[in-house]
Structure formats: structure tokens, C-alpha cells
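Report on the following structure.
Each reported figure results from applying straightforward, stated rules to the coordinates on display, with no laboratory input. Predicted model, so just to flag it, every value in this text is computed and none were measured. Cβ placement follows ideal geometry from the backbone for every residue including glycine, while neighbour counts extend to all protein chains displayed.
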Amino acid sequence: MTAVILIVAAFLVLLPFVYESRNLFILLTQIFVFSIFAMSYDLLLGFTGIVSFGHAMFFGIGAYSIGIFMKRFEPTLGYFLLAVLMTIALTAIVSFVVGLLTLRLKSHFYAMLTLSLSGLFLVLAEKWRSMTYGNDGFTFRVPEQFIDRTHFYWLCLFLMVAVFLLLKRFTNSPLGRVMQAIRENEQRTESLGYHVLHYKITASVVSGVLAGIAGVLYAVSLRFVNTSVFTMDITLDALLMTIIGGVGTLVGAIIGAGIIEFAHDWLTALAKEHAIFERWIIFFGIIYILVVMFFPKGIVGTLSSLSWKKKKQHAVKKEEKMAG
Amino acid sequence: MDLIINLTINGLATGMLIFLLAAGLTLIFGLMDVLNFAHGGLFAWGAYSGLWIYSQTGSFLAGIIGAILTGFILGIITERWIIKPVYGNHVQQILITLGLMLVLSEMLKVIWGPNQIMASPPDYLKGSWELGSIIIIKYRAFIILVGLFIFAAVQFVLKRTKIGLVVRAGVMNKEMVQSLGINIQKVFMFVFMMGAGMAALGGVLLGPYSGVIHAGMGMEFAILAFIVVVIGGMGNFKGSVLAAILVGLSGSFMAYYVPDLSLAVNMLLMAIVLIIRPQGLFGAKG
């Protein structure tokens, strides 16, 4: 498994040297950005068992922070870092407050509050015209370090791998283990003496901050930001990527991001052939419902449980032979 | 003075529409522990199908009945094939109802096109009454009356009929009801159907009230309905009607005085309720 990942990573790093296609690189950059976003979502849904329907708000906070900083001030690396700090602070505060309010209650409350709060952010972005230029959004210049598409491609790839390793380490740490215990059985974890609320809020904050960073990268890659970053569609993207790829695996989120973005690209191209493909999201909706119903572990989870079964059968046979 | 009365009537009418959506949501939650994120989709389906029938037949009453029937059918389908397979698993339930919401609202765009559709009330509900300096728009009064009627009807069913008794008992303790030999699955389906029907009715009534309908309106109203359900207390039917009126009134007054903050005020209300009384403003459970 590790070997496969390394080969894929090396391939992606070297790709710009051998292949030149602007569209493909933009698409791949998009995939890396959404992978970070989907992994942050996976930390909540897959590892802690918290359902959020307003993940777009963290994404949007990041996108707007960078946009506003670059537009109002000079597009330099210094202001870029300031904007990133701003994103981290804002997303941390928002996710902390939301977590504090709702995570001690039933799981529905977090989903509901995030859903309505992201609706509020959408309205805010539409109405606060002096700051956000309303519905139409605005373009902005990015620091010169990010102008080169290939460099930015490497940066996003690097960050995706970094976030992956970080989250891998994080979920395997004692803290992450407690989170997984909460997912499996919250009451039991509590009766073992863990303060469940603290762990859930931690998960919420880490996930919110990472989603904000994904938002920053997204806005920089487009050099444009508008209210669409706060819409339900962004949250749905994260949901689809995580669920279809496989919850609680991290790799699943990356694979899911790849599948959804490629399929999106492909179906948008098909839309010229037939109008039904403009409503491409309907196919994903149906696939999503079927996956939740029949393959709740997603692609990665289903595949790995299959291979695990095979291994187990293999081992049993071996034992039988030994005994025989 | 007449401004205040006008705003109050506006608020009451909006409140009644939200109530129609929130009532089903809260009953379904109380009984089955399912928070139906697709409820807004049923609302929008009610609006589209009802107005389509209205435009084809020219009879608004037929449109309303058609919308309610659409709600019933969609409710049965949703309960039977979407929610039933995942009963008992909260995370899966929440996820699957959101997926359904997505499919429902995209289906609307496939069938009726992605653009807004205009709607106007039938002739006998157009215009207004003038009482001195106060002008009451007929259609708004009509919405308020329908809302009150539905509230009274549901209250009657819950309090005076056998099925209502079973529903109330089920909210308190499902297992006990089941062990007394009542097929709770059938009760679930009945409640889900009724909830979906009420949501669809709310949708079709909204059309002529706001003048246009679009596929995104389900989500907009669903957010208001969630706020109402939280403020009124999850599973509390009476609480939901009071909270709906409260949210409707605050919405209409804020929309007049500080239009940009109307959603924010409701959100703030919800946040305060979550901090102080997570069980809802109105009474304990039940």
C-alpha cells in the first residue's frame, strides 16, 4: 500500500516535467485542494462521527480572507501569511463556538447549526457589498510566488501530502484514538473517564482550520472569489468525496476528490451533448444514496474489507493445512 | 399603527408557512428520532406540483389537493425505501436524507427547468379588505386561516383519536408501544406521510404568497424550520407552532426595519436557546 502511494506521489511530482497541459494541471491542483478539504471533513465524519452540513463556511472564510487581503492590501507574501493567520483565527473561533454550543447535544444539532450558520455566512457575503462586492465577487492579484501554475501545483501537492501525513499521525495519536472511540461508542468512552466534549471540540476546530486553508488555496488557484464558496454545493462536494471514497480512511477522501472532480469535468463536457448532463449532480446524489445505504464504508473501506476477508480465509486454510 | 398590523399579518402568514414545514419535522423527530433533512425538498415539490396542477386545471383548490397528494406519495416512498433501511443509525440517517434533498431539488430542475416560475393567487383570493385605514391582503389572511385549521386538526387527531394516542405514546416510549402489540412501523409511516403532506401544503401556499417559486426555496425554508424546531423543542408540536409564529414575526419586523439582519436575529435566537435551554423554550418534553 505504501509503495503504491509513493509511486503515485513520485509520478505526480514528475508529471510537470514530461507533460504540458494547462487544463490538466488546473484540474489536478483543484483535486489537491479539494482533497485537503475532504480530509478535513473526514476527520469529523469518519474519525469522530460528527456530521456537519456547513463545512462550506470554513472553506468560504478562508477564500474570502485571502481575497479581501489581496484586494485591499498589496499582493505580497507577507499579506498572504497574514491572511492565512486570519483564516486560522476565524475558523478556529467559529468552529470552537459551534462545537461548544451543539456538541454536548445529539448529533442532529451540530448538523443543523452548521447548516444554518453557513446559510448566514452566505447572506453576509451577499449583503456586505463594501467588503465582498456582493454576489458577483471579485478578482484579485496573487503574490508573485504563486503566479506560476506549476509551482502552485507543487505547493498544493506538497500541502496535500503534508496534511495527509499530519492527519494520519493525528488520528493515530492517543487523542485520535479517543476520537475513534467516541465514534464507536460515545457513552462507553465517557464512562471510561474521558471528557468527550473536549475531544469533539478539538476535532471540530482542527477540521475547521484545515478546511479554511483549503479555501485559501482554492481562492488563490482561481484568483477569484464569489459567494459560491459558501453555498451548499461546496459542503456537498466534501460529503460526496468522503462518502464515495470511504469514510475514516483519509486515502478515501483523496480518491473521492479525484473521482468527483474528474467526473465533474467530464460531465460538464458532456452537457453540450445532452441537457440532462447539466444536472450532473443528480447522478451523484443517487450514487451517494446508494453508497450510504449499501456500502457505508465507501470504495476504500469496501475494498480493504474484501482483501482482509481474503487474507483471513487464506490464513485459515494455511492453519488447516498445518493441522492436517 | 396600520404598519404594525400589516407587519404582524405578514409575520403571522410567514409563521404559518414555516409552521406547516416544522410541524412535520418535529413530529417525525419526536416519534422516530429521524431528523429529515429532505423536508425542504418535499416542501418545494409541493409548490411545483401544486402550481403545475393549478396552471393546468385553473383551479387553485385542485392544486392544493394535488400538492398534498404529492406530499403523501413522496412521504411514503421516502419512508419505505430511503429511511427505513437505515433506522437506528443516526449518522447514516442524517447523511441519506441530505442526499435525498439533493436528488429531490435537482429533479425539480430536470422536470420544470432551472428558472423561477411565476405564481399568482386565484381571483377570489386577490385584492384586499379595507377596514378603516387598515388594509388586509386576502391571501395572507387565507394562509393564516389554513395554518390555524391545520393546527387545530392535528391537535384534534393527537388528542382525541386512537392513532393520536398511539403517536403520543410512541413519542414517550416506542418500545413499550410496540410491546403492547401495536405495529409501530405503520404509525411511523402514517406520521411521515402526514408530515410530508403538511410540508407540501406549505409549499403550494407559499407560491402565490411570494410570487415566484424556485428550486432553492426548499433549503431556505428548511433552515427556518430547523431554527423553529430547535426553539420550540425537538419533538414538541405545540412548541413548534409558537416558535414558528415567533420566527415569522421577528422575520417580518426585522425585514422592515433592519432587512440585512433578519436571518441573523433568528440565528441568534437559536444560539441563545441552545445555550440556555437545549430542550426548547416551550415546556419540557411531550
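Around B:Ser128, which amide H atoms from residues at least 5 apart in sequence, or from another chain, sit under 5 Å from its own amide H, with H modelled in the peptide plane?
Long-range HN contacts for B:Ser128: B:Lys138.
Is it possible to state the helix-based mean residue ellipticity at 222 nm for the protein assembly as shown, with each DSSP H run of 4+ residues giving -39500 (n - 2.57), the sum divided by total residues, to the nearest 500 deg cm²/dmol? What is it?
On the way: 25 runs with 458 residues, N = 610.
It comes out at -25500 deg cm²/dmol, rounded to the nearest 500.
Which whole-angstrom value gives the distance between the alpha carbon centres of the range B:147-163 and the range A:86-108?
Cα centres, the range B:147-163 to the range A:86-108: 39 Å.
Taking neighbour Cβ counts within 10 Å as the exposure measure, how do B:Val177, A:Val84 sort from fewest upward?
By the 10 Å Cβ count, ascending: A:Val84, B:Val177.
How would you classify the range B:2-276 from its alpha-carbon gyration tensor, with a ≥ b ≥ c the square roots of the eigenvalues: rounded for a/c under 1.5, else prolate if a/b is greater than b/c, otherwise oblate?
On the way: a/c = 1.59, a/b = 1.36, b/c = 1.17.
Prolate is the answer for the range B:2-276, as a/c is 1.5 or above and a/b outweighs b/c.
Counting only trypsin sites (Lys or Arg not before Pro) that are in a DSSP loop and have at most 13 other C-beta atoms within 10 Å, tell me the longest site-free stretch of chain A.
Working: sites that count: A:Arg141, A:Lys272.
That gives A:1-140 as the longest site-free run.
Who wins for biggest fluctuation among B:Asn36, B:Asn236, B:Asn89 in a Gaussian network model of chain B, springs between alpha carbons below 10 Å?
B:Asn89
How far is helix A:22-42 tilted off the main Cα axis of chain A, in degrees rounded to 10, range 0 to 90?
60
Treat the count of other C-beta atoms within 10 Å as a stand-in for reagent exposure and order B:Lys238, B:Lys159 from fewest to most. Spell out each step's value before the answer.
Numbers: B:Lys238 16, B:Lys159 10.
Sorted ascending by nearby Cβ count, the order is B:Lys159, B:Lys238.
Gaussian network model of chain B, Cα springs within a sub-10 Å range: biggest mean-square fluctuation belongs to which of B:Leu74, B:Leu131, B:Leu100?
B:Leu131
Given H placed 1.01 Å from N in the peptide plane, which residues other than close sequence neighbours of B:Val212 have an amide H under 5 Å from its amide H?
Those qualifying (amide H under 5 Å, at least 5 residues apart or on another chain) are B:Ala119.
Please report, ordered by residue number, every helix of chain B (full DSSP H runs) that is 20 Å or longer along its axis going by C-alpha atoms and whose mean Kyte-Doolittle hydropathy reaches 0.0.
B:2-32, B:39-57, B:60-77, B:90-112, B:138-160, B:184-210, B:217-232, B:237-257, B:262-276
Return the distance in nm (one decimal) between the two label points of a simple spin-label model at A:Leu192 and B:Lys126, each offset 7 Å from Cα along Cα→Cβ.
So the two model labels end up 6.9 nm from each other.
Anyone know which of A:Leu236, A:Leu101, A:Leu270 comes out most mobile in the 10 Å Cα GNM of chain A?
Among A:Leu236, A:Leu101, A:Leu270, the largest mean-square fluctuation in the Gaussian network model of chain A belongs to A:Leu270.
How tilted is helix A:196-222 with respect to the longest principal axis of chain A? Cα atoms for both, answer in degrees (0 to 90, nearest 10).
Here the helix axis deviates by roughly 50 degrees.
Determine the alpha carbon to alpha carbon distance for each of A:Lys71/A:Lys200; A:Lys200/B:Lys174; A:Lys297/B:Lys109; A:Lys71/A:Lys127; B:Lys159/B:Lys186; A:Lys297/A:Lys317 and list only those over 25 Å.
A:Lys71/A:Lys200; A:Lys200/B:Lys174; A:Lys297/B:Lys109; A:Lys297/A:Lys317
Would the range B:60-173 count as rounded, prolate or oblate if I go by the C-alpha gyration tensor, calling it rounded below 1.5 in a/c and otherwise prolate when a/b exceeds b/c, oblate otherwise? Could you put the intermediate results ahead of the total?
Values: a/c = 2.73, a/b = 1.35, b/c = 2.02.
Taking the square roots of the gyration eigenvalues as a ≥ b ≥ c, the range B:60-173 is oblate.
What is the list of residues in the range A:251-271 whose amide nitrogen lies under 18 Å from a point 7 angstrom out from the Cα of A:Phe295, following Cα to Cβ?
Under cut-off, by backbone N: A:251-264.
Debye sum, Cα scatterers, the range A:21-323, no solvent: what log₁₀ I/I(0) at q = 0.11, 0.12, 0.15 1/Å?
-0.69, -0.81, -1.22
For the pair A:Gln313/A:Asp233, report the inter-label distance in nm, with labels modelled 7 Å from Cα in the Cβ direction.
According to this spin-label approximation, the distance is 4.4 nm.
How would you classify the range B:186-242 from its alpha-carbon gyration tensor, with a ≥ b ≥ c the square roots of the eigenvalues: rounded for a/c under 1.5, else prolate if a/b is greater than b/c, otherwise oblate?
oblate
Could you compute the longest span of chain A free of GluC sites (Glu not before Pro) located in DSSP loops and having at most 11 other Cβ atoms within 10 Å, not counting the site residues?
A:21-272
Full extension from A:His151 to A:Ala271: what is 0.36 nm times the residue separation minus their Cα-Cα distance, to one decimal in nm?
This chain segment gains 40.0 nm when fully extended.
What FRET efficiency comes out for A:Glu20 versus B:Trp81 if R0 is 56 angstrom and r is the Cβ-Cβ distance? Round to the nearest 0.05.
Plugging the Cβ-Cβ distance into 1/(1 + (r/R0)^6) gives 0.70.
Taking the Cα centre of each part, how many Å lie between the range A:152-173 and the range B:195-210?
Rounded to whole Å, the Cα centres lie 47 Å apart.
Length gain on complete extension for the stretch B:Leu268 to B:Ile182, per 0.36 nm per residue less the alpha carbon to alpha carbon distance?
Taking 0.36 nm per residue and subtracting the Cα distance, the gain is 26.8 nm.
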